[in-house]
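Read-outs throughout are calculated quantities, based only on the coordinates presented, and are distinct from any laboratory measurement. Because the structure is predicted, anything quoted here is derived from the model rather than measured. Please note: Cβ atoms are built from the backbone with ideal geometry, for glycine as well, and neighbour counts cover all protein chains shown.
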Amino acid sequence: MSWTRPHPTRRNPVWLMFQYLMRHAFLVALRYRVRGHKHIPQTGGGLLLINHQSFLDPMLVGLPLHRPISYLARDSLFPVPGIGWVLRNVNVMPINRDAASTASIRSALERMENGFLVGIFPEGTRSVTGDVGEFRPGFISLLRRSTVPVYPVGIAGAHEAMPRRSLWLNCRPVRVVFGPPIYRSDLESLCDRGKEAELISFVRQAVLDCQTEAEEWRREALTPDRKTMRAEAFARGDHPQKPAAESSS
């Protein structure tokens, strides 16, 4: 049972609760930072294409926004006690990741047409290394049949913060970058039959650009500044000695 009917711009109590709790946890544990989220308008439908590194990804992307995202998640998660209840109460739609069903595609299209943001992970599975993998073709029909803007999103560091098969959060820096929108006019010439590979390559490159920017930003957090290096050297007792005064002749 769902607490409230999904709304395109209003976050329900479950969404707000998770957003509040995760904001504080991620800021401290992951030194979470985000840029480019102002590209997302306060109203209007949109399709978010996101690289997939961790179970944390939906929360990492939704955290800075003041409106909900309707994610597509594999249908096998919905029967799981607890998890299924949460998914249904944060607007998640089930999908078979091996063969996107017509019903799932239709539901996503209807939501976007009604002003919702829909988020998908085109790789279909989490990356072990953090690199952006190949995109599965199941999402192409969403690109072809929708007229809403497409927003590429790149995540860096989540694969270290919560690797596959991990149940615990590791304190690793995470960065998220939202790219500028891709409009229907940008994709029009690539949506014809026979151009599937070109279409996938085009949108994958946009996501890859965001992920590369996020990874470079994350590496800055891993590189200590001079002040930190001096403090660490002093703690080890490696601080330089003052030169001895010259003796008078």
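By the Stokes-Einstein formula, at 1.306 mPa s and 10 °C, the chain with its Kirkwood radius over alpha-carbon pairs has D equal to 81 µm²/s.
Among 104-116, 147-159, sorting by the average number of other beta carbon atoms lying within 10 angstrom of each residue, highest first, gives 147-159, 104-116.
I need the peptides 135-144, 166-175 ranked by packing, meaning the mean over residues of other C-beta atoms within 10 angstrom, with the highest value on top. Kindly include the intermediate steps, with their values, before the conclusion.
Numbers: 135-144: 18.6, 166-175: 15.2.
Per-residue Cβ counts within 10 Å, averaged per peptide and sorted highest first, yield 135-144, 166-175.
Taking Cα atoms only, the orientation of helix 196-222 departs from the longest principal axis of the chain by about 30 degrees. For GLN53, the residues whose modelled amide H falls within less than 5 Å of its own, excluding neighbours fewer than 5 places apart on the same chain, are SER127. Relative to the longest principal axis of the Cα atoms of the chain, the long axis of helix 102-113 lies at roughly 70 degrees.
Amide hydrogen proximity for ARG74: with H placed 1.01 Å from N in the peptide plane, the residues at 5 or more positions away or on another chain lying under 5 Å are ILE95.
Build a GNM of the chain with springs between Cα atoms under 10 Å apart, and of VAL90, VAL34, VAL80 the one that fluctuates most is VAL80.
For segment 1-141, what mean projected area does the convex hull of the alpha carbons give, in nm²?
On the way: hull surface 35.1 nm².
So the mean shadow area of the Cα hull is 8.8 nm².
For the chain, the longest principal axis of the alpha carbon atoms and the long axis of helix 226-235 meet at an angle near 50°. Entry for segment 1-77 at q = 0.11, 0.13, 0.26 Å⁻¹: log10 I(q)/I(0) = -0.31, -0.43, -1.58, Debye formula applied to identical alpha-carbon scatterers, no solvent contribution. Protection proxy ranking for 182-191, 121-130, 52-61, using the average of other Cβ atoms within 10 Å per residue and placing the highest first: 52-61, 121-130, 182-191.
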